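All remarks here apply to the structure that follows.
The values are calculated or read from the model by the stated rules, or taken from the named source; none is laboratory data. Because the structure is a prediction, the values reported are computed rather than measured. Because the Cβ atoms are built from the backbone with ideal geometry, glycine has one as well, and the counts that use them run over all protein chains shown. These accessible areas exclude ligands, DNA and RNA; they are computed on the full protein's heavy atoms, side chains included. Shrake-Rupley method; radii C 1.70, N 1.55, O 1.52, S 1.80 Å.
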Amino acid sequence: MSLAVGIVGLPNVGKSTLFNALLKRQAALAANYPFATIEPNVGVVPVPDSRLAELAKVVGTEVIKPATVEFVDIAGLVRGAHRGEGLGNKFLHHIRETNLICQVLRAFDDQRVAREGAVDPAQDLATVRAELMLADLATLDKQAEPKGVTDRTVQQRWRHIQQLRDWLSAEQLPWQQLAKLGQSERPPATPVTAKSATAISTEPVAATARELNLLTAKPELIVLNVSESQLAAGIAELTRRYAAELTVPAHSLLVMSNLIESELSSLSAADQQLYLRQLGLEQSGLERLVTAAYRLLSLQSFLTAGEKEVRAWTISRGTTARQAAAVIHSDFAQKMINAQVINYTDFLKAGGWKPARDRGLIRTEGRDYLMRPDDVVEFRVGR
């Protein structure tokens, strides 16, 4: 499955600088004036995954194919975008094509970089959110009430629209409300198979939001763009402080210096690690950004390892073996016989498929088996 992250925010907050760093090349025009990015720049970035190189050593292949994330650098938003101000119509259209909104907020103070509407992180966050909410309210207001219609599905959809409108009118983001309700309704134990899983009743509301392509139904990840000097306070402390100031969950806020990330992108892997250690950082911004995106979208990866290639495949949590097989090839969904599954760590210790089989470490799972993050899988498919 594809994962598309839209990088959004007010003009001159560091969106294109972050985008360039993520792609490890100057793919977007980072300029000191608004709307330097008019058409969205799109880049596909590999997901950092140290497991793949280890698997490649075991199976004896040099072909490694990591999971990928598509990043979209979208033109800067201004107040009134929902009415078409600035590049509003294009801005909103491009966000609708993404799975997750990564909002960049400016916290650095550099008089050489024009603000162009940016005031402070809290007000800037409120500005962008307000534009997205107003755009979604306009979408909901266009939906006609099904008067005289007795169809239960149609009536239920209208109730969902009313619920979404109530949230937005109260300045509540639908994705956050759905997440809260889903957590309270989720069964305490993780089911072993899809057949035993309990359906989440918020899903119909979420489905209506997806059908209408509501912007505020997309999860939001906030990147706070700080200076190198600000990082001296420590990421943990800055995250705590700004999460409280912005009234957002700490797990949806990433503190990073986009300028430092840009500098890191020009270094070798070894020099990157040295630079990060000097800054007191354990991971690059890219690694933390991708990890946070996976978590917010409830994604995980499973692994395949053969002589031709080692590969990571992105799936949603709760995906069955049959659904995972279809990610590799659509025909596999119908032709799948079973899945040969082994834990990643056990695979490495055993030294490959054959010795793992000899030791009885490989499990045979059926179509309804729920995939786990560290599964190394070989699907058996009929003709």
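When the residues of segment 128-168 are filtered to those that are of a type in the set (S, T, N, Q) and at pLDDT 90 or above, which remaining residue is surrounded by the fewest Cβ atoms within 10 Å (Cβ to Cβ)?
Here is the first cut: in segment 128-168, the residues of a type in the set (S, T, N, Q) are 139, 143, 150, 153, 155-156, 162-163.
Still in the list and also at pLDDT 90 or above: 139, 143, 153, 155-156, 162-163.
Details: THR139: 20, GLN143: 15, THR153: 9, GLN155: 12, GLN156: 13, GLN162: 13, GLN163: 17.
Once the filter is applied, the top-ranked residue is THR153.
Mind counting the residues in segment 207-236 that are in a helix (DSSP H, G or I), surrounded by fewer than 22 Cβ atoms within 10 Å (Cβ to Cβ), more than 17 Å from the chain's Cα centre (by Cα) and not β-branched (Val, Ile, Thr)?
Here the count works out to 7.
Read through the list (1) in contact with a Lys or Arg (Cβ under 9 Å, 6 or more places away or on another chain); (2) buried (at least 19 other Cβ atoms within 10 Å of the Cβ); (3) modelled with pLDDT of 85 or more, then give the number of the only condition that GLY76 fails.
With respect to (1) in contact with a Lys or Arg (Cβ under 9 Å, 6 or more places away or on another chain); (2) buried (at least 19 other Cβ atoms within 10 Å of the Cβ); (3) modelled with pLDDT of 85 or more, GLY76 is out only on (3).
Given the structure, is THR202 open to solvent by less than 40 Å² (accessible area, probe 1.4 Å) and either modelled with pLDDT under 90 or touching a strand residue (DSSP E or B) at 6+ places or on another chain (Cβ under 6 Å) (or both)?
Working: open to solvent by less than 40 Å² (accessible area, probe 1.4 Å): yes; either modelled with pLDDT under 90 or touching a strand residue (DSSP E or B) at 6+ places or on another chain (Cβ under 6 Å) (or both): yes.
For THR202, the condition - open to solvent by less than 40 Å² (accessible area, probe 1.4 Å) and either modelled with pLDDT under 90 or touching a strand residue (DSSP E or B) at 6+ places or on another chain (Cβ under 6 Å) (or both) - is met.
Given (1) closer than 30 Å to VAL381 by Cβ; (2) touching a residue at least 40 places away in the same chain (Cβ under 8 Å); (3) out of contact with any Gly (no Cβ under 8 Å at 6 or more places or on another chain), identify the lone condition not met by TYR242.
Looking at each condition in turn, TYR242 falls short on (1).
Please state which one of ARG311, ARG322 is basic (Lys, Arg) and part of a strand (DSSP E or B).
Checking each option against the conditions leaves just ARG311.
Taking the options VAL58, VAL8, name whichever one is within 24 Å of GLN123 (Cβ to Cβ) and modelled with pLDDT of 85 or more.
VAL8
Testing LEU276 on (1) open to solvent by 20 Å² or more (accessible area, probe 1.4 Å); (2) without any contact (Cβ under 8 Å) to a residue 40 or more places away in the chain, one condition comes back false. Which one is that?
Result: LEU276 passes all but (1).
Among the numbered conditions (1) modelled with pLDDT under 85; (2) assigned to a loop (DSSP other than H, G, I, E, B); (3) on the phi < 0 side of the Ramachandran plot; (4) open to solvent by 40 Å² or more (accessible area, probe 1.4 Å), tell me where LEU281 comes up short.
Condition not satisfied by LEU281: (4).
Only one of these is small (Gly, Ala, Ser), under 30 Å from TRP353 (Cβ atoms), at pLDDT 90 or above and surrounded by fewer than 21 Cβ atoms within 10 Å (Cβ to Cβ): ALA243, ALA312. Name it.
Every option except ALA312 fails the conditions.
If you go through segment 100-112 one residue at a time, do you hit one that is modelled with pLDDT of 80 or more, of a type in the set (D, E, K, R), within 23 Å of the chain's Cα centre (by Cα) and assigned to a helix (DSSP H, G or I)? If you could, list the steps in order and put the result at the bottom.
To start, the set of residues in segment 100-112 that are modelled with pLDDT of 80 or more comprises 100-108.
The next check asks that each one be of a type in the set (D, E, K, R); those that pass are 106.
Within this subset, residues satisfying the condition of being within 23 Å of the chain's Cα centre (by Cα) are 106.
If we keep only those that are assigned to a helix (DSSP H, G or I) as well, we get none.
So far as segment 100-112 goes, no, none of its residues is modelled with pLDDT of 80 or more, of a type in the set (D, E, K, R), within 23 Å of the chain's Cα centre (by Cα) and assigned to a helix (DSSP H, G or I).
Going through segment 44-72 one residue at a time, which ones are more than 18 Å from ARG288 (Cα to Cα) and either in a strand (DSSP E or B) or open to solvent by 40 Å² or more (accessible area, probe 1.4 Å) (or both)?
ALA53, GLU54, LYS57, VAL58, GLY60, GLU62, VAL63, ILE64, LYS65
I'm trying to understand the selection: among the residues of segment 297-308, which are part of a loop (DSSP other than H, G, I, E, B) and either at positive phi or aliphatic (A, V, I, L, M) (or both)?
LEU297, SER298
Give the residue that is most open to solvent (accessible area, probe 1.4 Å), with candidates limited to residues of segment 329-367 that are of a type in the set (S, T, N, Q), assigned to a strand (DSSP E or B) and within 22 Å of ARG51 (Cβ to Cβ).
Filtering segment 329-367 for residues that are of a type in the set (S, T, N, Q), assigned to a strand (DSSP E or B) and within 22 Å of ARG51 (Cβ to Cβ), the one most open to solvent (accessible area, probe 1.4 Å) comes out as ASN343.
Looking only at residues that are part of a helix (DSSP H, G or I) and among the aliphatic types (A, V, I, L, M) in segment 237-265, which one is nearest to ILE7 (Cα to Cα)? If you could, list the steps in order and put the result at the bottom.
Let us first name the residues in segment 237-265 that are part of a helix (DSSP H, G or I), namely 237-246, 250-252, 258-264.
Retained after the next criterion (residues that are among the aliphatic types (A, V, I, L, M)): 238, 243-244, 246, 250, 259-260, 264.
On the way: LEU238: 21, ALA243: 19, ALA244: 23, LEU246: 19, ALA250: 19, LEU259: 16, ILE260: 18, LEU264: 19 Å.
By that ranking, first place goes to LEU259.
State yes or no: is TYR369 at pLDDT 95 or above, more than 24 Å from GLY60 (Cα to Cα) and of a type in the set (Ser, Thr, Tyr)?
yes
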